[in-house]
Amino acid sequence: MDPRDQQAVLALFDQQLRRDAPGGEAVGDVVRRTGADGDWSGVLWSALRPETADAVIDGQVRYFSGLARPFEWKLYSYDTPHDLGERLRAAGFTPEPDETVMVGEAAHLTAGAGLPDGVRLEPVTGPAGVDLVARVHEQAFGTSSDRLREQLLVQLAKDPDTIDITVAMAGDVPVCSARMERYPGTDFAGLWGGGTLAEWRGRGIYRALVAHRARLAVAGGVRFLQVDASDDSRPILQRLGFTALCTTTPYVYEP
């Protein structure tokens, strides 16, 4: 992607998915989202000054703590002030691993490697499928899937048209899962998950799921696919045609 195009896409990303994010609420110098029934809550965008940053952070901590709800502050590499991460840690937030925000044009990502013999893709539409996704998540990432399971069940029940969840099955065994979240009114959809069991990695399943979701995106009129990529997935996505726009660090606060 040409550097000028890259800056234009970053500006569009910042406008549509942060400042004017679907479901976002502008409160002073931040845009936050308050999820219900286990849905995601957090700060999506901020424009803070050194002299006011600590007070704004404290205000958001008090707001979400009053709801007895954990939340996430999405800190991007171009956010201000430059020491915002240090201020969040001082306020009791815990940083998670850095991620790279990557974007690709959906129409250019639809061609992918075929699936290994005996592997098929199945759409997830209800609790039984969500349980399969949770199994993959726990085995692929080694972390609890309780919150993910709750979020997916809520989204499928409330807004099924905004999410496409797919699980790759080898016989009766789920070996990879991934989802695409649609953001109505924007040019973007987000790719999430993409966890593959260790013994099934390197066989093209992840790439096939990217292409599968790209085809769904094109059919739905989505122009760009966006990924918060880990260090493991970044080189794969670069080879597929994604471009790095910036980095982001999730800062988590547990009341």
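The values are calculated or read from the model by the stated rules, or taken from the named source; none is laboratory data. Values in this document were obtained by computation on a predicted structure and should not be read as measured data. Cβ placement follows ideal geometry from the backbone for every residue including glycine, while neighbour counts extend to all protein chains displayed. Just the protein is used for accessible areas: all its heavy atoms, side chains included, with ligands, DNA and RNA removed. Shrake-Rupley method; radii C 1.70, N 1.55, O 1.52, S 1.80 Å.
Descriptive notes on the structure:
- Cβ pairs under 9 Å, 6+ apart, first in segment 232-248 and assigned to a helix (DSSP H, G or I), second of a type in the set (D, E, K, R): ARG234/GLU99; ILE236/ARG207; ARG239/ARG207; LEU240/ARG207
- Some residue of segment 54-64 being part of a loop (DSSP other than H, G, I, E, B) and either open to solvent by 40 Å² or more (accessible area, probe 1.4 Å) or over 30 Å from PHE242 (Cα atoms) (or both): no
- Pairing each residue of segment 204-217 that is over 16 Å from VAL124 (Cβ atoms) and part of a helix (DSSP H, G or I) with any residue that is of a type in the set (S, T, N, Q) and open to solvent by 10 Å² or more (accessible area, probe 1.4 Å), provided the two are 6+ apart or on different chains, yields C-beta distances under 7 Å for TYR206/THR196; ALA211/THR110; ALA214/THR110; ARG215/THR110.
- Pairs, first in a helix (DSSP H, G or I) in segment 152-167, second open to solvent by 30 Å² or more (accessible area, probe 1.4 Å), C-beta under 6 Å, six or more apart: VAL154/ASP37; VAL154/ASP39; THR162/ARG182
- Taking segment 193-215 as the range and being within 19 Å of the chain's Cα centre (by Cα) and not hydrophobic (A, V, I, L, M, F, W, C) as the test, the residues that pass are GLY193, GLY194, GLY195, THR196, TYR206, ARG207, HIS212, ARG213, ARG215.
- Residue, surrounded by the most Cβ atoms within 10 Å (Cβ to Cβ), within segment 13-28, restricted to residues that are of a type in the set (A, V, I, L, M, F, W, C) and within 17 Å of GLU181 (Cβ to Cβ): LEU17
- Criterion: more than 19 Å from PHE188 (Cβ to Cβ) and in contact with an Asp or Glu (Cβ under 6 Å, 6 or more places away or on another chain) - qualifying residue of ALA36, ALA47, ALA68, ALA53: ALA47
- The listed residue being more than 30 Å from GLN60 (Cα to Cα), of a type in the set (A, V, I, L, M, F, W, C) and surrounded by fewer than 20 Cβ atoms within 10 Å (Cβ to Cβ), out of LEU216, LEU209: LEU216
- For segment 115-160, a residue qualifies if it is open to solvent by less than 30 Å² (accessible area, probe 1.4 Å) and more than 20 Å from GLU181 (Cβ to Cβ), and the qualifying residues are PRO116, VAL119.
- Which numbered condition GLY112 misses (of (1) at pLDDT 95 or above; (2) of a type outside the set (A, V, I, L, M); (3) crowded, with 16+ Cβ neighbours inside 10 Å; (4) within 27 Å of LEU209 (Cα to Cα)): (1)
- Scope segment 96-109; condition open to solvent by 60 Å² or more (accessible area, probe 1.4 Å) and either aromatic (Phe, Trp, Tyr) or outside any helix (DSSP H, G or I) (or both); matching residues: GLU96, PRO97, ASP98, GLU105
- Criterion (without any contact (Cβ under 8 Å) to a residue 40 or more places away in the chain and in contact with a Ser or Thr (Cβ under 9 Å, 6 or more places away or on another chain)) met by exactly one of ARG135, ARG182: ARG135
- Boolean, ARG4 is basic (Lys, Arg), outside any strand (DSSP E or B) and surrounded by fewer than 16 Cβ atoms within 10 Å (Cβ to Cβ): yes
- Residue match in segment 29-48 (condition: over 23 Å from ASP146 (Cβ atoms), open to solvent by 60 Å² or more (accessible area, probe 1.4 Å) and outside any loop (DSSP other than H, G, I, E, B)): no
- Out of GLU51, GLU72, sole residue that is open to solvent by less than 60 Å² (accessible area, probe 1.4 Å), modelled with pLDDT of 95 or more and either within 21 Å of VAL103 (Cβ to Cβ) or not in a helix (DSSP H, G or I) (or both): GLU72
- Condition check for THR186 on (1) assigned to a helix (DSSP H, G or I); (2) modelled with pLDDT of 95 or more: one failure, at (1).
- Scanning segment 190-203 for residues that are farther than 18 Å from VAL133 by Cβ and surrounded by 17 or more Cβ atoms within 10 Å (Cβ to Cβ) yields a count of 1.
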